[in-house]
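Here is the structure we will look at, set down as structure tokens.
The values are calculated or read from the model by the stated rules, or taken from the named source; none is laboratory data. For clarity, every value in this text was computed on a predicted model and none was experimentally measured. Heads up, the Cβs are rebuilt from the backbone with ideal geometry, glycines too, and the neighbour counts pull from every protein chain shown.
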Amino acid sequence: MLNVVLFGPPGAGKGTQAKKLKERYGLIHISTGDLLREEVSSRSKLGLEAQKIMTQGKLVSDKIVIGIIKSKLHNNMSSNGFIFDGFPRTEAQAIALDNLLEDNKLAISIMLSLEVSENELIQRLLDRGKNSGRSDDQNIDIIKSRIVEYNIKTSILIDYYKKESKYKGVNGMGDIKTITERLFNLIDII
Ligand code: AMP
């Protein structure tokens, strides 16, 4: 099984590139942002709780996020592997993911970290906000808060995966096709 953590700040291109990896390697794409937005649209109890936090650009609790990942993994254990997009975002999530995979004799194969300058992230998110309908992409204060959350709580995971010798930094600037090739090249030599 090929299990990829596609990592990077908001606006780094994780969702776009996850689709390319999914097509090429036949993986299951798990985006916790998408799963949470589904909960919000269905107005479930969990969705309503998550929505308050998401609209502030903060991280939803580990308990909620790990819970939704658990069932998604459980239902797809016979697949070719997974792409984790926007997860893990805290050390507790990274440990939970390792444990969940280990329970099934699996492990993360590689962590690909898309590197993009902060100015470019803000521009991309504002551009996306014009079409995506996502309110958290349309407000500069929420965008900045999401980037701060990434810098404080999430970027530390680079060290976590470095310790496991799974981290690969990838230049996330340039055209989409070139970035996809960079990712393919790193996966193909695993
Ligand atoms: P994303 O679509 O990945 O940009 O996520 C949108 C929002 O969903 C984030 O700003 C968080 O509020 C929430 N979210 C998504 N994934 C996670 C996660 N792994 N941990 C905590 N909150 C998350």
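Of everything in the stretch 19-46 that is of a type in the set (A, V, I, L, M) and free of Cβ contacts under 8 Å to residues at least 24 places away in the same chain, the residue that is farthest from the ligand (Cβ to nearest atom) is LEU46. Residues of the stretch 160-190 that are over 12 Å from LEU114 (Cα atoms), in contact with a strand residue (DSSP E or B) (Cβ under 7 Å, 6 or more places away or on another chain) and assigned to a helix (DSSP H, G or I): TYR161, LEU186, ILE187. Residues being assigned to a helix (DSSP H, G or I) and under 17 Å from the mean Cα position of the chain (by Cα) are entirely absent from the stretch 77-85.
Restricting attention to the stretch 59-96, the residues that are closer than 20 Å to TYR150 by Cβ and touching a residue at least 40 places away in the same chain (Cβ under 8 Å) total 11. Checked against (1) at pLDDT below 95; (2) within 7 Å of the ligand (Cβ to nearest atom), SER79 passes all but condition (2).
Just one of the listed residues (GLU115, GLU102) is charged (D, E, K, R), surrounded by fewer than 21 Cβ atoms within 10 Å (Cβ to Cβ), under 14 Å from the mean Cα position of the chain (by Cα) and away from the ligand (no atom under 15 Å from the Cβ), and it is GLU115.
Determine, yes or no, whether GLY129 is under 18 Å from LYS20 (Cβ atoms), within 16 Å of the ligand (Cβ to nearest atom) and either at pLDDT 95 or above or of a type in the set (Phe, Trp, Tyr) (or both). No: the conditions fail for GLY129.
Residues that are more than 8 Å from the ligand (Cβ to nearest atom) and either at pLDDT below 95 or surrounded by fewer than 16 Cβ atoms within 10 Å (Cβ to Cβ) (or both) within the stretch 57-67 comprise LYS63, GLY67, listed in sequence order.
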